[in-house]
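First up is the structure itself, then whatever we jot down about it.
Since every read-out is calculated from the coordinates, none of them should be taken as a lab result. Everything numeric here is computed off the predicted structure, so don't read it as measured data. Backbone-built Cβ (ideal geometry, glycine too); neighbour counts: all protein chains shown.
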């Protein structure tokens, strides 16, 4: 259970990205977070694993107050929360395998890093993760040599290395074409259904949210505009979230 | 909106006119600056026209461009022909038959003559375009040079023939004697070879290249480490709670002292054993023990964060510190052993190198021990107090903050005052450090008392900035006056080294004690206002310090550093290596850090989100991105260092520059030309090579 209480984030330049957001997300839910650019989707996701420190409010996950955690505690919390990004955030010059294994660093002795050493069982685990996302043959390639969709799957494999209980996906398909988008979303759906991971995924397209999520949270100017099942979003609600002139487009 | 529109063209016209005027003024100012510069640099169009100077520069350039690179041996070729003084009756010039093998021969016409008469000497088959001379050999075998056209030597024409007029010498009592005429020519023999100058230059050039190589190589590691501290994007976000920082800071000198004594003893013991000053059995046993302990110390990160776990981790840290020091001692000792064992040939060269490294470790053991001790103790202190500091009430946090802040402040200013005692102008350090501390206090107070945690507005920020400056200036002035820095700076005197406070093993002078008092007050006030839970921007502070040091070091020319090092380690390449190393560290540190600032931050964010710690994040998200530019910039630096090492010899820093300076001072421009040529060739090759490598990696 992830519980967000009165979360507010004000950036140093005075921009209020989140305004008193409260949420409860039970384990195993697939939650889509939608809204316009700048509505606070990324900030909300990044507050959960504290890549961004919230200004006010609390985030409690399975009874642990994430917002109060020290650096050491935070690392232990973070390694149970996977995250994938719009720009994939892979080290482009490094091999796919290294990129995937680097997802396991939170579990490894930091001294290993000095010698660029990974135990062999982590290599096996990384190969298994790559197999799961369907690109084991790319392990030796440089990350930059892969297509966008493949890079995002490497990102998922890297998150899998953490053996996460929750997955944060920040616009995971915004840089991808529609067909690739669906393949990436299907992998997230698989993790949600098979492994029971809680998935929080910010999306631009409502159609994707409708296709994959159990629940839609719409943000507008840092506030929750809608919170409910995707099927309940009719044209009025849609205009409420995206503005009067918006037209819904389908992505197939 | 509607009011502004009609009136807008007028102001825009006047604004354009204003802009034109401003541009004109700017151009005029630039012109004046340039004209002044023209005068200051004494640009003079008349001096280069003076004939003497033109002749001098032509000669100097001619010699420089005729470098004394090659030399050749010469063999003297001599051909003679008899000559009768005073023609007897019926004398006829004997016919000359050209030798069949084409060797040189000469003819004289006429073959007899009286003193002061002129005869014509012709020669064939000589080496063309080479100097020759004519020698007169009289009846007593006395030889004297006969001048041709008033010169001792003449040049033989291109086809190897010549025809010159010779005056018959007046020699007392020579009438009727048979004399001889001889033509001598120095003919090049054998292959051209390098001059001694060239050999010396080549020798020094090798020294130059290696000087640059060693300086660059040594500077890589320190500048790579410094570059992380000098990278704004990495350091900006590093914050630490003031309480933890102060705990660390008060334990730092203690750890350094204890480590410097105890840990360095451990290291020294292992070093002595390993270097063979102890027995072989003990060495092997101890090495195995150390390795075993190192293997046993492999531990997984603590999965629980209880106090017991922290205690255990603290104990491990201390044991780890001992092991690391012992390992360093082991490496140093083995190095010394190797240095003593291998003394001949290539193993000897390696042995000397490894032995030197061992000696370096031996010498720096107190420092290494101190650093590791400080690291271990601060680590342990932080681990044991972090939970306690988190749970204390605000009031207690302020009391502890005040106490620790006072202690920390006293330590900081005490250290800077100790440094300041060593030279008059270093005395400025203490007021500057105090001013930085003082500048933080008023804005902190404002934030706590006036703002009460509300968000800062524009005017708040302005006011805090003003308060910061007021505090900075006030504290600087106060400390400056209290420590009598001004007088010391004017008179160049040092503060008296009296004993105001005697601690065991540490005597503190009045000067240092005053500084510590100021630090105590500033630290206590700051700590009490901020409380132990305030986030201290430790990263920004480290960043500013590193950048300041790097910029300061880069401002000092390597030639000047070379001067100082020559005084310290004597004339020779070692001084040059030290000077170039120091400058390279500063320069590469800056260049490297700019590469870090240019990296893609996405992977950093991604790895942080997986729970990787800072070291791991840097190793896997930063390092892969910076390796190519680091290689490129290292090559570039080597290139620069070769150029610099060619002139570091001017101040005695070794390399070809020393030779060049000597040759120039002795006005031996042809020899100087050799050095100039060698430098030009090496620099061009390296320039090309480094460009090629950089292109490949960036």
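Observations, loosely collected:
- In plain terms, the chain from residue B:62 to residue B:127 could stretch by 20.8 nm, reckoned as 0.36 nm per residue minus the Cα-Cα distance.
- Taking 0.36 nm per residue of sequence separation and removing the Cα-Cα distance, the residue B:14/residue B:601 pair yields an extension gain of 206.6 nm.
- Protection proxy ranking of B:98-104, B:642-648, B:466-472 - average other beta-carbon atoms within 10 Å, highest first: B:642-648, B:466-472, B:98-104
- Over chain A: helical MRE at 222 nm, DSSP H runs n ≥ 4 each giving -39500 (n - 2.57), nearest 500: -9500 deg cm²/dmol
- Note on residue B:269 and residue B:307: with the Förster distance fixed at 35 Å, the Cβ-Cβ geometry gives a FRET efficiency of about 0.55.
- Relative to the longest principal axis of the Cα atoms of chain B, helix B:307-341 runs at roughly 20 degrees.
- At an R0 of 56 angstrom, the distance between the Cβ atoms of residue B:194 and residue B:545 translates into a FRET efficiency of 0.60.
- Prolate/oblate/rounded call for the range B:139-288, Cα gyration tensor, a/c under 1.5 rounded: prolate
- Per-residue shielding of A:105-118, expressed as the average number of other chain Cβ atoms within 10 Å of the residue Cβ, stands at 5.
- In chain B, helices alone account for a calculated mean residue ellipticity at 222 nm of -21500 deg cm²/dmol, with every DSSP H run of four or more residues adding -39,500 (n - 2.57).
- Sorting the segments B:392-398, B:611-617, A:209-215 by their residues' average number of neighbouring beta-carbon atoms within 10 angstrom, most packed first, yields B:611-617, A:209-215, B:392-398.
- For the segment A:82-94, counting C-beta atoms of other chains within 10 Å of every residue's C-beta and taking the mean gives 5.
- Gyration tensor verdict on the protein assembly as shown (Cα atoms; rounded if a/c is under 1.5, prolate if a/b is larger than b/c, oblate otherwise): prolate
- Compared with the dominant principal axis of the Cα atoms in chain A, helix A:178-194 is inclined by about 80°.
- When Rg and the Kirkwood radius Rh are both evaluated on Cα atoms of chain A, their ratio Rg/Rh stands at 0.97.
- Shielding of B:612-623 by partner chains, average beta-carbon count, 10 Å: 6
- Placing a label point 7 Å from the Cα of residue B:687 along the Cα-to-Cβ direction, the residues of the range B:637-670 with a backbone N closer than 16 Å are B:637-647.
- Take each peptide in A:151-158, B:407-414, count the other Cβ atoms within 10 Å of every residue, and average; sorted highest first, the result is A:151-158, B:407-414.
- Stretched out straight at 0.36 nm per residue, the stretch from residue B:74 to residue B:43 would grow longer than its current Cα-Cα span by 6.3 nm.
- Simple spin-label estimate for residue B:341 and residue B:470 in nanometres, 7 Å along Cα-Cβ: 7.1 nm
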